[in-house]
1. Given the conditions (1) closer than 18 Å to GLY71 by Cβ; (2) aliphatic (A, V, I, L, M); (3) at pLDDT below 95, report the number of the one that MET99 does not fulfil.
2. Mind checking whether some residue in the range 44-65 is surrounded by 18 or more Cβ atoms within 10 Å (Cβ to Cβ), of a type outside the set (A, V, I, L, M) and part of a helix (DSSP H, G or I)?
3. Are there any pairs with C-beta distances below 6 angstrom linking a residue in the range 101-125 that is of a type in the set (D, E, K, R) to a residue that is modelled with pLDDT of 85 or more and assigned to a strand (DSSP E or B), with the two at least 6 apart or on different chains, and if so which?
4. Looking at the range 62-73, is at least one residue at pLDDT 95 or above, charged (D, E, K, R) and in contact with a Lys or Arg (Cβ under 7 Å, 6 or more places away or on another chain)?
5. Show me the strands (runs of 3 or more DSSP E) entirely contained within the range 85-175 in which 1 or more residues are buried (at least 20 other Cβ atoms within 10 Å of the Cβ).
6. Given the conditions (1) among the small types (Gly, Ala, Ser); (2) surrounded by 15 or more Cβ atoms within 10 Å (Cβ to Cβ); (3) within 28 Å of PRO158 (Cβ to Cβ); (4) in contact (Cβ under 8 Å) with a residue 40 or more places away in the chain, which single one is not true for GLY71?
7. Given the criterion modelled with pLDDT of 95 or more, among the small types (Gly, Ala, Ser) and under 22 Å from ALA172 (Cα atoms), identify the matching residue among GLY54, GLY29.
8. Among the residues of the range 19-38, which ones are surrounded by 14 or more Cβ atoms within 10 Å (Cβ to Cβ) and not hydrophobic (A, V, I, L, M, F, W, C)?
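The values are calculated or read from the model by the stated rules, or taken from the named source; none is laboratory data. As the structure is a computational prediction, the values presented were derived from the model and not from experiment. Reconstructed Cβ throughout: ideal geometry from the backbone, glycine too, with neighbour counts over all protein chains shown.
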Amino acid sequence: TENVLTKDSEGQGSRYFFVMIQDSLDNAGRYLGMHPLFPRAFSWLAEHPHAPDGKHLILDDLLFAIVETAGTHDPAQRRFESHRRYIDIQINLAGGEVMEWLPTDALVIEDDFQADGDIAFYRASHIHPTRLHVRAGEFTIFYSSDAHKPVCHPPTGPSTYRKVVFKVDARATNG
């Protein structure tokens, strides 16, 4: 986990920027205080460990889960993405995948956010991304400044994975 305290452009005040996280579900409790809805997301998973694939509304559009079972992809066939409104908590339940990460300011937007949309896609970069091998029982957290390329082949080659992606409204103020 890396939390960075910075001054604003005028050198006044301070604010925190959160940077991508990867950890084991055994350590999820360390991150519950980072957002008021994080405890609700992790408790939903504990209560619904075998939820069927699909979208599950937990707290309307403030918190929902997308459960999916699928196969990984060649990273060259995927694009980096980031989200304006939602923080992603991506939890690998079975199998494995690689997620690539770069800060959004290192990339050029290819498909910008739509007026009512949450996602932007980025052009391929000459910068080598950080590659995260996310195994079953591990999770990542991506903030709006985190461009990420999920569901890429792990080092062992193509794989089937099962995961839950929680979409957490970054603007929510209570759980």
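1. Every listed condition holds for MET99 apart from (3).
2. yes
3. These pairs meet every condition: GLU110/PHE121; GLU110/TYR122; ASP111/PHE121; ASP112/ALA120; ASP118/HIS83; ASP118/TYR86; ARG123/GLU110.
4. Looking only at the range 62-73, we keep the residues that are at pLDDT 95 or above, and these are 62-73.
Then drop every residue that is not charged (D, E, K, R), which leaves 68.
Now restrict to residues that are in contact with a Lys or Arg (Cβ under 7 Å, 6 or more places away or on another chain): 68.
Yes.
5. 86-94, 96-103, 119-122, 130-135, 138-142, 146-152, 160-169
6. With (1) among the small types (Gly, Ala, Ser); (2) surrounded by 15 or more Cβ atoms within 10 Å (Cβ to Cβ); (3) within 28 Å of PRO158 (Cβ to Cβ); (4) in contact (Cβ under 8 Å) with a residue 40 or more places away in the chain applied to GLY71, the lone miss is (2).
7. Values: GLY54 fails: under 22 Å from ALA172 (Cα atoms).
Step by step, each of GLY54, GLY29 is checked, and only GLY29 is modelled with pLDDT of 95 or more, among the small types (Gly, Ala, Ser) and under 22 Å from ALA172 (Cα atoms).
8. Result: GLN22, ASP23, TYR31, HIS35, PRO36.
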